[in-house]
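Accompanying notes for the structure given below.
The values are calculated or read from the model by the stated rules, or taken from the named source; none is laboratory data. The structure presented is a predicted model; accordingly, all values stated were derived computationally and were not measured. Glycine also receives a Cβ, built like all others from the backbone with ideal geometry; neighbour counts cover every protein chain displayed.
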């Protein structure tokens, strides 16, 4: 099942935002944390790819294939020594049908990447953090959370928050966050670019939630979280590194990014 992106030619004003919120709050969510179905593979051999690979090994899944468009070049780098590293074109039709492919890319929006991989023949594609959510009993990494059902009070309070933003872009960022965490929708402001959420301390579903780290995550600055027994993803230096690595996957940054795969 594919995730979807909704395109808008202009930023939502207060009344449009309220209508979108009502749709987000009432539409059924067809996605859930992804189970660790074997065989597993990761798409993306960047910083998040390293984190995801180390994570899966730590929770008992060492036999993970890494899929990347630059696999031949990356194979010459010692960072992936011992790993099965393949380009999409090297994956057999049978493997594309059987493998659960978790997207571990932080430099482009998720939905266009998923559609790109689907068009290549991959049949089971999930965000990496939705897969990681199935291992909460083994590891505290929890960036694939889903917002609970909205109550009427949740909606009322969120409408009030939306009405108090000073500009439509901030309102759009707030809605994008809610759309992803509640329904796994991506809101796109134009056919050519996606504006991701700004870093804000907001009230999600009427419940206070800490702000996403203010560090700007880029392909070069995303850190690699040391994965292992005792690692805590939200505290200390490991937590800081984790937040740098995960921020661009989650809709959490004020940045125009091309709607194309990395």
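Taking the stretch 30-100 and the helices (runs of 4 or more DSSP H) fully enclosed by it, the elements with 1 or more residues that are without any contact (Cβ under 8 Å) to a residue 40 or more places away in the chain and touching a helix residue (DSSP H, G or I) at 6+ places or on another chain (Cβ under 7 Å) are at 71-74.
Do we find a residue being in contact with a strand residue (DSSP E or B) (Cβ under 7 Å, 6 or more places away or on another chain) and within 30 Å of residue 9 (Cα to Cα) anywhere in the stretch 129-137? Quick ask: steps written out before the conclusion?
Keep residues of the stretch 129-137 that are in contact with a strand residue (DSSP E or B) (Cβ under 7 Å, 6 or more places away or on another chain), which gives 131.
Still in the list and also within 30 Å of residue 9 (Cα to Cα): none.
Checked against the condition, which is being in contact with a strand residue (DSSP E or B) (Cβ under 7 Å, 6 or more places away or on another chain) and within 30 Å of residue 9 (Cα to Cα), the stretch 129-137 yields no hits at all.
The selection criterion, being closer than 17 Å to residue 129 by Cα and at pLDDT 90 or above, holds for residue 60. For the stretch 121-148, residues that are under 16 Å from residue 93 (Cα atoms) and exposed (fewer than 15 other Cβ atoms within 10 Å of the Cβ) total 2. Every test in (1) surrounded by 20 or more Cβ atoms within 10 Å (Cβ to Cβ); (2) in contact with a helix residue (DSSP H, G or I) (Cβ under 9 Å, 6 or more places away or on another chain) is passed by residue 173 save one, and that test is (2).
How about the stretch 101-113: which of its residues are farther than 12 Å from residue 44 by Cα and assigned to a helix (DSSP H, G or I)? Within the stretch 101-113, 111, 112 meet the criteria.
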